[in-house]
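Written below as structure tokens is the structure these notes are about.
The values are calculated or read from the model by the stated rules, or taken from the named source; none is laboratory data. Since we're looking at a predicted model, the values are computed, not measured. Glycine gets a Cβ as well: all are built from the backbone with ideal geometry, and neighbour counts include every protein chain shown. Quick note on the areas: whole protein, heavy atoms, side chains included, nothing else; ligands and nucleic acids left out. Shrake-Rupley method; radii C 1.70, N 1.55, O 1.52, S 1.80 Å.
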Amino acid sequence: LEAGFVHQFTTDEMVAHLVDAEWDTRFNRRLARLLKSANFRHQASLEQIDFSQKRNLDKNVILRLSTGDWIRKGDNVLITGPTGAGKSFLACALGHWACINGYTAFYANALKLFSKLKFAEADGSYAKELKKIQKQHVFIIDDFGLHPMDEQSKLILLEILEDRYGDHSIIITSQLPVAQWHDLIANSTIADAICDRLIHNSHKIEMDGDSMRKRLRSRSG
């Protein structure tokens, strides 16, 4: 610090300034680590969400989620809607909010997630991968239901939910309405268990409207 700048403050003020600067530095480093580890698909924040478009996105619901009470309770967020409605962006924005507020988060595409965990079962690293997922305060599964689920994937999903139920939150995005998830899973016993753990303590966001990607392309065009 320059001498003239230092003389503007008392000793107590200077100490407070240095403490604040150190806190900011540590906060930014921790946030950078959390965001890098989260592996979000989009660099998104709640402040970037466009509520002007007609896509059934209630600002009051988002404001309630921005209190973080759902994370503290271990509630889930289920986001459904057509392709391009902004489901993944919203999920990543909620994950970004979690990181800013000191929570851990991780993003995974559903197909890649189940494929990775199947390989992990084969090579003996399954328990390690599952523990890594279990530790996340917010776990995002994107594009759920785009592909048929085999029995192994269903059991993997059930185990993930069982480990997290009531303790940590899951965000799931899907083109399919929640009411169709039971039929998607097909095996009624497993479907009952999965849907019960997902839906019982969940906040549902059912988006609609035209594709945001098409709107952005038309604007740029």
Accessible area, 1.4 Å probe, largest first: how do K131, K204 sort? K131, K204
Top to bottom by accessible area (1.4 Å), largest first, where do T173, T189, T67 land? T189, T67, T173
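Under the 0.36 nm per residue contour assumption, what length would be gained going from the current alpha-carbon distance of T67 and H203 to full extension?
Working: separation 136, 0.36 × 136 = 48.96 nm, distance 1.35 nm.
That works out to 47.6 nm of additional length.
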Step through the residues of the range 161-176 one at a time and calculate ³J(HN,Hα) from phi using the Karplus curve (6.51 cos²θ - 1.76 cosθ + 1.60, θ = phi - 60°), rounding each to whole Hz and writing x for Gly and Pro. 5, 4, 5, 9, 4, x, 10, 10, 9, 10, 10, 10, 10, 7, 6, 8
Pick out, from G95, V77, G166, the residue whose Cα sits farthest towards the positive end of the charge dipole of the range 67-221, with +1 on the Cβ of Lys and Arg and -1 on the Cβ of Asp and Glu. G95
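Could you size up the charge dipole of the range 102-154 around its Cα centre, putting +1 on the beta carbon of Lys and Arg and -1 on that of Asp and Glu, and report it in debye to the nearest 20?
Details: 8 positive and 7 negative charges, 54 e Å.
My answer is approximately 260 debye.
For the range 61-189, which whole-number percentage of the solvent-accessible area (1.4 Å probe, protein heavy atoms only) is attributable to carbon and sulfur atoms?
Values: 3130 of 5580 Å².
That fraction is 56 percent.
Leaving out ligands and nucleic acids, and using a 1.4 Å probe, what accessible area per residue does the chain come to in Å²? Can you show the working numbers first?
Working: 12580 Å² over 221 residues.
Spelled out: the 1.4 Å probe surface of the chain, per residue, equals 57 Å².
For a test of the definition: using alpha carbon positions, the gyration tensor, and the 1.5 limit on a/c, classify the range 143-195 as rounded, prolate or oblate.
Numbers: a/c = 1.64, a/b = 1.23, b/c = 1.34.
Because a/c hits 1.5 or more and a/b fails to exceed b/c, the range 143-195 counts as oblate.
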Lys/Arg +1, Asp/Glu -1 at C-beta; the range 93-221 dipole; positive extreme among M149, N109, I199: N109
In the full protein assembly as shown, how much of Y165 is accessible to a 1.4 Å probe, in Å² to the nearest 10? 90 Å²
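Too long at a 25 Å Cα-Cα cut-off: which of K36/K154; K54/K87; K112/K132? Mind dumping the intermediate values first?
Working: K36/K154 29 Å; K54/K87 14 Å; K112/K132 16 Å.
Exceeds cut-off: K36/K154.
With the cut-off at 1.5 for a/c, could you classify the range 77-186 from its C-alpha gyration tensor as rounded, prolate or oblate? Present the calculation step by step, with values, prior to reporting the outcome.
On the way: a/c = 1.77, a/b = 1.07, b/c = 1.67.
Here the range 77-186 falls in the oblate category.
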Dipole moment magnitude, nearest 20 debye, the chain about Cα centre, only Lys, Arg, Asp, Glu C-beta charged: 640 debye
